[in-house]
Every structure is written in C-alpha cells, then in structure tokens.
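Q: Could you have a look at this structure, given as structure tokens, before my questions?
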Amino acid sequence: MNNLRSSLIKARIGNRSLAANSSIVGVTSRVGGVRLSIMQNRAYTSDRPRKGGAGGLKLLTLLGLGGAAGYYYNSTQSFKTKTAPVTETETKSKTAPAAKTEKKNIDYQKVYNDIAEMLDEDPEYDDGSYGPVLFRLAWHCSGTYDKETQTGGSNGATMRFKPEATHSANNGLAIARDLLEKIHQKYPEISYGDLWTLAGVCAVQELGGPTIPWRAGRQDALEASQCTPDGRLPDATKKEDHARDVFHRMGINDREIVALMGGHTLGRCHLDRSGFDGPWQEAPTFFSNEYYKALANRTWIKKNLESGQWQWVDKDNTVVMMLPIELSMYNDKGFKKYYDLYAKDQDVFFKDFAAAFKKLIELGVPFTGDEKVYEFKRTTE
Ligand code: HEM
C-alpha cells in the first residue's frame, strides 16, 4: 500500500470514529513494518491495562496513535462479495489441473504482494484486515489431511466444491475464497491449493508473524468426489482428547498442536458463522504470543450465547473469549508445558509456529523434491 492510500484510509477511519462515538474502537496503522489494527474496549483498558505483550492500551501508547483514528467494532458485520463464487455450487471444476511436470512461470513474490495489498482494502471488515480469514482458509484446506488414507490436505483445494464448502466448519470462508478469486484471475496458472496456502503465509507475515518458507506444487482436484467427509476439522465444543485425535490423524504432534493453536492470536469468532463471538485478545490483527498470555494470566468465566452455545470470557473484558475446547486443552498436563513455554518466550513460539504451519500446509502435497523454497519478502521491508 502506498502512503497516499494509507493516509486516505486513516482519514476515513477517523471520520467514522468522530461520527460514531463508539465505546469500542480500533486503529489501523503500520508499525515497525507491520500492518496493525487494534481493537480496544475503552471501558476495559482504562480499568485494567494489560501487563506486557501486545495489549491494546500498551500498543496505543507506544505508537502514540491515541484515539484519533477509530472505527466501529461490529462482530456481526456481514461481507458482501463482489465476485461470484468459483465452483462451489458445482461438482466439477472448470479449471484444468496443472500437469505434474508442467513448468509454471509464476512470480510468486508478485502474487504475495498482490495479496498483501488486499489485506486492509476494506477498513470496515471485522477489525480492518482480511488477514485472519485468509489465514483460516489456509488452515482449513490443510487440516482435513488423514495420514492413514493419505486423503485431504491442501492438495486439491477441494473446498471449491459444494459438499466441503458447505461443511459448517467452513462457514465464512467463502469470503476468503472470493477474495482470492480476484488474484487467481490475474494469475490463472496458479493452483488454488498453492494460492490459498500462499495467502495464509502472506497474512501471517504481513500481520507481524514469522517468515514461513513456502513452495508450490499443489494440484487442483477436478471433481467433488475428492472432497473429504464432514467432521475432519476440530469441534470447538469438545475436549482435549478430541483435539489430539484430530491433529494426530494429520500427523501433528502435541507440541505442534499447541504452536498451531497460537493462530488464534489472529481474528475472531462470528456468531453468524460458528455461534461463538469475539476475539481471543485485544489486538486480533497483530501476530504475537498474546494468545498464550491471555490463557495463562486471565480469569475465565462461562458465558451463555444467544446461539445456544457457551464460551469462556475474560472476567475483566468480556468481549475477549476462549472456546470450550481451549481451556480443556490448556488444562491438559501434556499440553500445558508448551502453552507456558510460548507464553514466556515469543521467539520460541515464532520458530515453532513457522515450522508447524509449514508442515501443516504441506501435508499430502506431491512434491517432487526439486521445488524452489520461497521466503517471501514482506511488503513493508
Ligand atoms: C482445536 C482446534 C481449533 C478449533 C476448535 C478452532 C475453532 C475455531 C472457531 C469456532 C472459529 C470461529 C469461526 C468464526 O466464527 O468465524 C475459529 C476462528 C479462527 N481460527 Fe480456529 N480452531 C482451531 C484451530 C486453529 C488453528 C490450528 C488455526 C491456525 C493455525 C486457527 C486459525 C483460526 C483463525 C485465524 C480464526 C479467525 C478467523 C476470522 O477472523 O475470520 N484455528 N477457529
């Protein structure tokens, strides 16, 4: 994003804030080369500033941004797509798969840059960034992998087809798929699996996370029959043994599970998508170890939701939440040591997360072994 566009967006955000007089505001800016927006509940932050980490008040103070730029916090905001869904209502893809031996001449860094440019194009979407929903698409297209049958995973990008697109775990991900369709139109040679995983890497890096090495090689499935059955992704209402079953099925071990759960430092739950509501901490567009700190340092109380579900909320800032399964996982002896490690040491978390996420998005991909490994340059570098 160039400076002109950036300042235009800020000005617009500022105007909305003045007109809105909202009690919960966010700011979007670039800090130290990171695209950042911070959700801040004023009532909460003035009551009890967070200790350490990337908490909203501390960051706001550090950045000297004050409340000058703000926007509504609206958890049920809906997204209207401008592009038609790709093939999800169909059972066959119009796009031909790449032949395995085909040499593609794609400038993946350019693809990365175009996705990065798109991340904060709509300051009114959620917390001001499409990063979290793109990141979630990368995880959900990969997390269906089953090491026994060697089915699922990011190879195939089968979420383009109706059965998988309509699995309830994937609610809301049409937003991400539609956004990336615009990129695919510009680079029609890229496979959807490569595009979706590259977008996940881009979101993490641009929102302040670690560099994640990435390589191309996923081939698009042609038929809905290659979709995985519903139920392969984790269910938030269950307990730690379910998390183990799901991730061990992919070949992901306990330490990697906990590292990947740190992905919840980004984004939020949406009542109309999952029946849960709210972000996991106050800076949901800033990748950090704040998720682990929140689990370790806050007091969690149960809250019943209008969806009929319940979730944990921070006693001192009830817009911040944890899913039922997350406290069960945190309280598991085998997992806890890693949660505590990552809460204490962000560098170790970043290193472990990068390795585990690379592994996740490569599960089941038929690499030949001679693929180039990309380490994408951040657009802010
Ligand atoms: C036990 C494992 C997990 C469960 C039960 C779970 C469940 C959920 C649920 C219920 C939501 C809310 C969806 C919505 O309402 O929009 C969500 C959002 C999200 N999840 Fe997970 N998740 C798990 C693991 C992961 C992992 C491993 C990652 C990444 C590596 C991840 C990344 C995300 C992101 C970024 C969002 C926010 C999306 C947005 O803001 O639109 N999750 N997850």
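Q: Determine the sum of side-chain charges near H264: Lys and Arg each +1, Asp and Glu each -1, restricted to other residues whose C-beta is under 11 angstrom from that of H264.
A: On the way: positive: R136, R268; negative: E290, E326.
Result for the local shell: 0.
Q: Pop a pseudo-label 7 angstrom from the Cα along the beta-carbon direction at both K377 and I106 and give the gap in nm to one decimal.
A: 2.1
Q: Got a number for the accessible area of L305? Probe 1.4 Å, square angstrom, nearest 10.
A: 20
Q: Which of the listed residues, H270, I106, W214, is farthest toward the dipole's positive end in region 84-381, when Lys, Arg count +1 and Asp, Glu count -1 at the beta-carbon?
A: W214
Q: A follow-up question, please. Using the heavy atoms of the protein chains and a 1.4 angstrom probe, tell me the accessible area per residue for region 245-285 in square angstrom. Provide the component values of the computation, followed by the final result.
A: Values: 980 Å² over 41 residues.
Per residue, region 245-285 has an accessible area of 24 Å².
Q: Rank-order 251-259, 153-161, 237-245, 203-211 by packing density, defined as the average count of other C-beta atoms within 10 Å over each peptide's residues, highest first. Please report the intermediate quantities before stating the final value.
A: Values: 251-259: 20.2, 153-161: 27.3, 237-245: 15.9, 203-211: 24.0.
So the order, starting with the most tightly packed, is 153-161, 203-211, 251-259, 237-245.
Q: Let me ask something else. Provide the net charge surrounding L295, with neighbours chosen by a C-beta distance below 11 Å and charges set as Lys +1, Arg +1, Asp -1, Glu -1.
A: -1
Q: Hey, what did region 267-336 get for relative contact order, percent, Cα under 8 Å, at least 6 apart?
A: Averaging sequence separation for qualifying contacts and normalising by length gives 26 percent for region 267-336.
Q: Follow-up question, since we're still on this one. Once the other residues with Cβ under 9 Å from the Cβ of I325 are scored (Lys, Arg +1; Asp, Glu -1), what is the net sum?
A: -1
Q: Between A169, V133, Q150, whose Cα lies farthest towards the positive end of the dipole of region 122-176 when Lys and Arg beta carbons carry +1 and Asp and Glu beta carbons carry -1, centred on the Cα centre?
A: Q150
Q: What spacing in nm lies between the two simple spin-label points modelled at K239 and L271, each 7 Å away from Cα in the Cβ direction?
A: 3.0
The values are calculated or read from the model by the stated rules, or taken from the named source; none is laboratory data. Source: prediction; values computed, not measured. Note that we place each Cβ from the backbone using ideal geometry, even for glycine, and neighbour counts take in every protein chain shown. Accessible surface areas use protein heavy atoms only, side chains included; no ligands, DNA or RNA. Shrake-Rupley method; radii C 1.70, N 1.55, O 1.52, S 1.80 Å.
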